[in-house]
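The values are calculated or read from the model by the stated rules, or taken from the named source; none is laboratory data. The structure displayed is predicted, hence computed values, not measured ones. For neighbour counting, all protein chains shown are included, and Cβ atoms are generated from backbone atoms with ideal geometry for every residue, glycine included.
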Amino acid sequence: MKTKYRISVIIPTWNRGKLLEQAVQSALNQTFQPLEVIVCDDGSTDDSIEALETNFAEQILQKKLRILRCGRNRLPAIVRNIGIKNSRGNWIAFLDSDDYWLPEKLEKQVNFLENNTGIKAICTNAFRINTNGTVLGNYFNLSANRTFSWHHFRFHNPAICSSMMLSSELRALDAKFPESSSFKAIEDYALWLMIASETKVAFLAEPLLAYLDHPQTSIRKDDDKREFDVSEKIYELFIGQQAGLNCYKWSIYNWLCKSSRHVKKSFTRIARRQM
């Protein structure tokens, strides 16, 4: 039954102004209502949080909207983890404060989960929009629903953070997003790798959110060196002391054994530093 999906929506934010209100409204307007929307403020200095408290006072009173003041951490991973720790749902959905969901986003994810038992993570396609609000097209050129295994995540990130919904039963959530500054902007990729080691990740090809594209800061560019640097950092996380989960280390080791020679040489150098 759909009532078993009690969804906590986590929105990290810092100085997002009206964009934050748009994100919150899109979460509250879902045809499948979440249990709660948690805004995790990273020490905003504008009036965005005060505006939320004024404009969403009824939802706050009803505990549909919660605001956590997290201090200034400068890392989305830290405030997302605070949100996870304080969530009450048995499913967790992430939404960045400059993105927004289409009204049926959660309902369509829940419908898929109802018909595909055993899946504990699900993401979707998105419309890419620029800062003027112009739709640039679909984020991924995939036309059919599918499931991703760990192998699909090995060399690139096929999941948008604002589309991801996870079961709180996943052991990877105990590790949470890596909070080291060296993983800034790729902390979601690191967590997805751990999650994909536990469960297949479902992907809905229909765009169910609007993703604000910042091409100058995106790591999803056709830049082989950048992708390789990201892979090095991800590998170092798992092999290093931060992970502490042998099953994931073995998964990375298997990846290493199947990697091309130049990847293997670089990753072996990293592994030796960890010994």
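The table below lists the values:
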read-out: Any chance V24 is in a strand (DSSP E or B) and either assigned by TED's automatic domain parsing to the domain that holds N81 or not acidic (D, E) (or both); value: no
read-out: Residues of the stretch 113-153 that turn out to be in contact with a Leu (Cβ under 8 Å, 6 or more places away or on another chain) and either of a type in the set (K, R) or at pLDDT 95 or above (or both), as a count; value: 12
read-out: Residue satisfying all of: in the stretch 56-68; of a type outside the set (A, V, I, L, M) and loosely packed, with under 13 Cβ neighbours inside 10 Å; farthest from the chain's Cα centre (by Cα) among these; value: E58
read-out: When residues of the stretch 178-191 are limited to those that are within 12 Å of I78 (Cα to Cα) and buried (at least 21 other Cβ atoms within 10 Å of the Cβ), the one modelled with the highest pLDDT; value: D188
read-out: Filter pass, G83 being farther than 27 Å from A185 by Cα and in contact (Cβ under 8 Å) with a residue 24 or more places away in the chain; value: no
read-out: Elements of type strands (runs of 3 or more DSSP E) in the stretch 126-213, at least 2 residues being over 16 Å from the mean Cα position of the chain (by Cα); value: 135-138, 146-148, 201-212
read-out: The one condition in (1) under 21 Å from S167 (Cβ atoms); (2) of a type outside the set (D, E, K, R); (3) part of a helix (DSSP H, G or I); (4) more than 17 Å from the chain's Cα centre (by Cα) that Q30 fails to fulfil; value: (3)
read-out: Yes/no for L106 being surrounded by 17 or more Cβ atoms within 10 Å (Cβ to Cβ) and either in contact with a Cys (Cβ under 9 Å, 6 or more places away or on another chain) or touching a residue at least 40 places away in the same chain (Cβ under 8 Å) (or both); value: yes
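Per-residue answers, yes or no, for (1) within 22 Å of S87 (Cβ to Cβ); (2) touching a residue at least 60 places away in the same chain (Cβ under 8 Å); (3) not assigned by TED's automatic domain parsing to the domain that holds P76:
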position	(1), (2), (3)
R128	no, yes, no
N132	no, no, no
L136	no, yes, no
L142	no, yes, no
W150	no, yes, no
N157	no, yes, no
S167	yes, yes, no
